[in-house]
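All of the numbers you see were taken from the coordinates with simple rules; none came from a lab. Predicted model only: the values in this text are computed from it and were never measured. Every residue, glycine as well, gets a Cβ built from its backbone with ideal geometry; the counts of neighbours run over all protein chains shown.
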Amino acid sequence: PHVQETGRIDFEDVTFSYEGTRGEPILKHINLTILPGETVGIIGSTGSGKSTLVGLIPRFYDVTSGTIKVDGQDTSRIHPHRLRDKIAIVPQKNILFTGTVAENIRWGKEEAADEEVRAAAAIAGADDFIAASPEGYETMIGQGGVNFSGGQKQRISIARALVKKPSILILDDSTSAVDVATEAKIKAALKKYAKGLTCLLIAQRITSIMDADKIVVLDHGELVGVGTHSEL
Ligand code: ATP
């Protein structure tokens, strides 16, 4: 049977400068193909352009020159809302708001059923500590509510991304505050759940992305290496 594969991303000679800035572009002539279902690790020193690179995919910014295609379509011709229906991005700084845990996970997908919220939380490694708090998914976050740890907030943010059932999931250093064992559990759960899901993982620790299908190395806005961990 023909299986429609989604989640392909092509960068074609992409160059990018933030508007109003001078000097060297932040990304220079990036050529990169990410296949449906691939898990891709992105590494590079601070300021090398990792967050900028992934932010171009859902069109937080538009490319200065070159083309980005998602599933073969030039993203400059796709409405950002439609693009963001299939791309979920967990930013470096999680943005939880004052409200219940369930409300925070449902944000952007209000129609999600309770079971979907719980399933997303389970994959993100958040179900256990949420269920253990006195009011469970109705626990308030923020002012006057429970102060979850940095790593717990990261996991709630990952659950929020997963509940959207995206075809492309981008984690921008989203497990930096999570211990190594928990991180490994989340990655394993993601792999199992996410057959066919394209995953982009920005990482500081190489150990976080060792088993990625592909590792992309950025240096001063240039793509200086693509390959598996053993190839690089
Ligand atoms: P880190 O590992 O520290 O998160 P990074 O590799 O993700 O870094 P980016 O955040 O993409 O790097 O930043 C790349 C460069 O772009 C940096 O020099 C940064 O100062 C610059 N930059 C980032 N955001 C903006 C912005 N909104 N306006 C102007 N310059 C920016």
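Which of the residue pairs 93/164; 93/195; 28/191; 28/187; 28/192; 109/195 have a Cα-Cα distance greater than 25 Å in the structure shown?
93/195; 28/191; 28/187; 28/192
In percent, what relative contact order does the stretch 9-227 have, based on Cα pairs under 8 Å that are 6 or more apart in sequence?
Reported as a whole number, the value is 30 percent.
How big is the dipole moment of the stretch 79-205 about its Cα centre under a simple scheme where the beta carbon of each Lys and Arg is +1, that of each Asp and Glu is -1, and everything else is neutral? Debye, nearest 20, please.
640
Could you run the Karplus curve 6.51 cos²θ - 1.76 cosθ + 1.60 with θ = phi - 60° over the stretch 120-136 and give me ³J(HN,Hα) per residue in whole Hz, x for Gly and Pro?
Ordered by residue, 3J(HN,Hα) equals 5, 5, 5, 5, 7, x, 10, 4, 4, 6, 5, 4, 7, 7, x, 9, x Hz.
What does the highest-first list of 185-193, 132-140, 208-216 look like by mean Cβ count within 10 Å?
In decreasing order of mean packing, 185-193, 132-140, 208-216 become 208-216, 185-193, 132-140.
If you find the alpha carbon centre of the stretch 166-232 and of the stretch 73-140, how far apart are they in angstrom?
20
Cα atoms only: what Rg and Dmax, in Å, come out for the stretch 24-87?
Every Cα atom of the stretch 24-87 included, Rg and Dmax give 12.1, 33 Å.
Please determine, in degrees from 0 to 90 and to the nearest 10, the orientation of helix 180-193 with respect to the longest principal axis defined by the Cα atoms of the chain, where the helix direction is its Cα long axis.
80
For a distance above 33 Å, tell me the whole-number percent of Cα pairs in the chain that qualify.
17
For the chain, what does the helix formula give at 222 nm: sum of -39500 (n - 2.57) over DSSP H segments with n ≥ 4, over the residue count, nearest 500 deg cm²/dmol?
-7500 deg cm²/dmol
Might you report the magnitude of the Cβ-based charge dipole of the chain about its Cα centre, with Lys and Arg at +1 and Asp and Glu at -1, to the nearest 20 debye?
80
Taking Cα pairs under 8 Å and at least six residues apart, what relative contact order does the stretch 1-135 come out at, in percent?
21
Mean 1/r over all different Cα pairs, inverted: what Kirkwood radius does the stretch 78-132 give, in Å?
When all Cα pairs of the stretch 78-132 are included, the Kirkwood radius is 12.6 Å.
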